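**Student:** Take this structure first; my questions come after.
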Amino acid sequence: MVLRFRRSVKIAPGVKINFGKRGMSVSAGVRGATITAGKRGVYGNVGIPGTGLSYRTKLAGKAVNNQLVREQRRVERELKKQEEIGRRREALSKVQLSLNENGTLNIANTFGEALSRKDLKLLEFRV
């Protein structure tokens, strides 16, 4: 058996304080459309009175902020990746080609270091 507790107190027209087992929240709005703010965030609630049909969505709070932070980090990683590719392409703008005695082609950067397959892909060089 689950024990539930909920109590609402009207403090002004359209404004209520809600008490429950896990804490309290404040709701404001008209019948069928309210905004509720509590320790878990801010929620928007809309429904058709008398039918039991309603929709609830989180408008602000930790989960919404975390989603925005994750998206921002993803964009920053993508920008960093594109900058790195640009720097590598610039560093590879001058390559040295040499042919060994056995007929193999050596491709090196300006420092004489052999290019990796990743670098060759950046150059769109077909081996």
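The values are calculated or read from the model by the stated rules, or taken from the named source; none is laboratory data. Nothing here was measured: the structure is a model prediction, and the numbers come from that model. A quick note on method: Cβ atoms are made from the backbone with ideal geometry, for glycine too, and the neighbour counts reach across all protein chains shown. Accessible surface is based on the protein model in full, side chains and every heavy atom, while ligands, DNA and RNA are left aside. Shrake-Rupley method; radii C 1.70, N 1.55, O 1.52, S 1.80 Å.
**Student:** Yes or no: ILE17 modelled with pLDDT of 85 or more and assigned to a strand (DSSP E or B)?
**Tutor:** yes
**Student:** For GLU83, all conditions in the list (1) assigned to a loop (DSSP other than H, G, I, E, B); (2) loosely packed, with under 11 Cβ neighbours inside 10 Å hold save one; what is the number of the exception?
**Tutor:** Here GLU83 meets the rest and fails (1).
Yes or no, residue by residue, for (1) modelled with pLDDT of 85 or more; (2) farther than 30 Å from SER25 by Cβ; (3) touching a His at 6+ places or on another chain (Cβ under 8 Å); (4) open to solvent by 90 Å² or more (accessible area, probe 1.4 Å):
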| site | (1), (2), (3), (4) |
| --- | --- |
| GLY61 | no, no, no, no |
| LEU68 | no, no, no, yes |
| GLN96 | no, yes, no, yes |
| THR110 | no, yes, no, no |
| SER116 | no, yes, no, no |
| VAL127 | no, yes, no, yes |
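**Student:** Let me ask another. On the basis of being touching a residue at least 24 places away in the same chain (Cβ under 8 Å) and surrounded by 13 or more Cβ atoms within 10 Å (Cβ to Cβ), does ILE35 make the cut? Don't jump to the end; show me each part of the working.
**Tutor:** On the way: touching a residue at least 24 places away in the same chain (Cβ under 8 Å): yes; surrounded by 13 or more Cβ atoms within 10 Å (Cβ to Cβ): yes.
Spelling it out, ILE35 is indeed touching a residue at least 24 places away in the same chain (Cβ under 8 Å) and surrounded by 13 or more Cβ atoms within 10 Å (Cβ to Cβ).
**Student:** Let me ask something else about it. Given (1) surrounded by fewer than 10 Cβ atoms within 10 Å (Cβ to Cβ); (2) at pLDDT 80 or above; (3) assigned to a helix (DSSP H, G or I), where does GLU101 come up short, assuming only one miss?
**Tutor:** (3)
**Student:** Now a separate question. Of the conditions (1) in contact (Cβ under 8 Å) with a residue 12 or more places away in the chain; (2) loosely packed, with under 10 Cβ neighbours inside 10 Å; (3) under 29 Å from the mean Cα position of the chain (by Cα), ARG56 clears all except one; give me its number.
**Tutor:** Unmet for ARG56, out of (1) in contact (Cβ under 8 Å) with a residue 12 or more places away in the chain; (2) loosely packed, with under 10 Cβ neighbours inside 10 Å; (3) under 29 Å from the mean Cα position of the chain (by Cα): (2).
**Student:** Here's another thing I want to ask about it. Got at least one residue in region 109-125 being among the polar types (S, T, N, Q) and either in a helix (DSSP H, G or I) or touching a Phe, Trp or Tyr at 6+ places or on another chain (Cβ under 6 Å) (or both)?
**Tutor:** No, because not a single residue in region 109-125 is among the polar types (S, T, N, Q) and either in a helix (DSSP H, G or I) or touching a Phe, Trp or Tyr at 6+ places or on another chain (Cβ under 6 Å) (or both).
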